[in-house]
Amino acid sequence: MAHHHVFIIGSGPAGYNAAIYAARADLKPYLAAGLQPGGQLTTTTDVENFPGYPEGVMGPQMMEDLRQQAERFGTTVAYTMVSKVDFSSRPFKIWEDDELHTADAVIISTGATARYLGVPGEQELLGKGVSACATCDGFFFRDQDICVIGGGDSAMEEASFLTKFARKVYVIHRRDELRASKIMQERALKNPKIEFLWNTVVEEVLGNDDGVRGVRLRNRVTDEVSELAVTGYFAAIGHKPNTELFKGQLEMNDVGYLEVQGRSTFTNVEGVFAAGDVADATYRQAITAAGMGCQAAIDAERWLEAQAD
Ligand code: NAP
């Protein structure tokens, strides 16, 4: 059984920045990278809003840089998945499958996962034309007609990116107004390969083992039902916090985001801290997650010091 001062769960900007700060405080953090090392940014293309990169940076490259920076100061990065935790007594218990670890402090930075609509055909055709990651799968749709669902920044970003490959990209949005920021909207609205279908919802994803062949749509104003022929379907309707592991142990809000106290990263269990998208339904940016990771490491360090006194 391995014991750690600080066990970090998750490897997005929050986890790696917590690791950089904890390592530099000589806390020798152990970081379990999870199913998708590097987190959500490994499925994005250009990151243009992270300070320090005037020309922008590719998401996967930025995460690789952060990992190297965390390791340089003594973080152990394990490519493992945490399967269970027990925060009811100290030291805290964390399992990676059957392997038990203990820790004096835990930083949770498990992020959030893409949501799907839940309509018939969607899950059945996952990986056969249904995706939530344009960066991962866009390449497969060269010269094809595809659709993106949603009206937020993710939908605009995915749609714009997909025009590099696709012949035509339909953005299907349930309202007649976009939620996305002005700059992202403008980019998508002026792209000649993108067509917007307003006030429209997907009722079914159509296809078979050979892949997606279309979507059945309903116009929410006219109630008209139609079929649109597409071979690719990208869900871009937001995210769900990855907090299943902590149910019944940590306080969460009604949609599952971890609650932290005030402007700190303290959860309701002393010694367990939360940082990044898992605890932030408001900002959800790489830079805010990174900042919160730094806060969590400082909170953990000070809390550990206070315990030692
Ligand atoms: P979001 O802002 O929550 O937008 C989700 C979109 O999906 C909304 O347009 C919403 O419609 C639609 N939607 C949700 N549930 C739906 C359902 N059941 N059926 C149909 N449509 C549904 O999520 P996001 O676009 O993933 O962005 C999340 C955060 O990340 C935001 O803060 C965003 O600014 C940020 N982000 C930034 C960048 C960037 O700056 N490069 C890129 C991506 C994301 P309604 O509008 O009708 O609610």
Using a Gaussian network model on the chain with a 10 Å cutoff between Cα atoms, which of Ile183, Ile149, Ile94 fluctuates the most? Ile183
I'd like to know which of Tyr79, Ile94, Gly59 lies farthest towards the positive end of the charge dipole of segment 8-129, counting +1 on Cβ of Lys and Arg and -1 on Cβ of Asp and Glu. Ile94
If the only charges are +1 at each Lys and Arg Cβ and -1 at each Asp and Glu Cβ, what is the size of the charge dipole of segment 13-133 around the Cα centre, to the nearest 20 debye? 260 debye
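For the chain, what does -39500 (n - 2.57) per DSSP helix run (n ≥ 4), summed and divided by total residues, give at 222 nm, in deg cm²/dmol to the nearest 500? Don't skip to the end; give the middle numbers.
Numbers: 6 runs with 71 residues, N = 309.
-7000 deg cm²/dmol, from helical runs alone.
Under a 1.4 Å probe, what is the accessible area of segment 17-103 per residue, stated in Å²? Could the numbers behind the result be given before it?
Values: 4540 Å² over 87 residues.
Accessible surface, normalised per residue, equals 52 Å².
Any of Lys168/Lys240; Lys128/Lys182; Lys128/Lys247; Lys193/Lys240; Lys84/Lys240; Lys190/Lys240 with alpha carbons more than 24 Å apart? Name them for me. All intermediate terms of the calculation are to be shown ahead of the outcome.
Numbers: Lys168/Lys240 29 Å; Lys128/Lys182 33 Å; Lys128/Lys247 32 Å; Lys193/Lys240 30 Å; Lys84/Lys240 19 Å; Lys190/Lys240 30 Å.
Check vs 24 Å cut-off fails for Lys168/Lys240; Lys128/Lys182; Lys128/Lys247; Lys193/Lys240; Lys190/Lys240.
Can you give the Rg to Rh ratio of segment 154-267, both from alpha-carbon atoms, with Rh computed by the Kirkwood formula?
Across segment 154-267, the Cα-based Rg/Rh ratio is 1.09.
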List the relative contact order of the chain as a percent without decimals, with contacts defined as Cα pairs under 8 Å and 6+ residues apart. 21 percent
Ordering Met81, Met63, Met292 by how much accessible area each has at a 1.4 Å probe, largest first, what is the list? Met81, Met292, Met63
What is the spin-label model distance, in nm, from Lys128 to Glu204 if the labels are put 7 Å beyond Cα along the C-beta direction? 1.5 nm
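Express the accessible area of segment 173-309 per residue in Å², computed with a 1.4 Å probe while the remaining protein chains stay in the model.
Values: 7620 Å² over 137 residues.
Per-residue accessible area for segment 173-309 comes out at 56 Å².
Mind listing which GluC sites (Glu not before Pro) in segment 192-226 are in a DSSP loop and have 11 or fewer other Cβ atoms within 10 Å? Display every interim value, and only then the final one.
Details: sites: Glu195, Glu203, Glu204, Glu224; in loops: Glu224.
Answer by residue number: Glu224.
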Computing the accessible area with a 1.4 Å probe over protein heavy atoms, can you report the carbon and sulfur percentage for segment 58-132? 49 percent
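The values are calculated or read from the model by the stated rules, or taken from the named source; none is laboratory data. The shown structure was predicted, so the numbers you read here are calculated from the model rather than taken from an experiment. Neighbour counts are summed over all protein chains in view; Cβ atoms, including those assigned to glycine, are modelled from backbone coordinates with ideal geometry. Heads up: the accessible areas ignore ligands, DNA and RNA and are worked out on the full protein's heavy atoms, side chains in. Shrake-Rupley method; radii C 1.70, N 1.55, O 1.52, S 1.80 Å.
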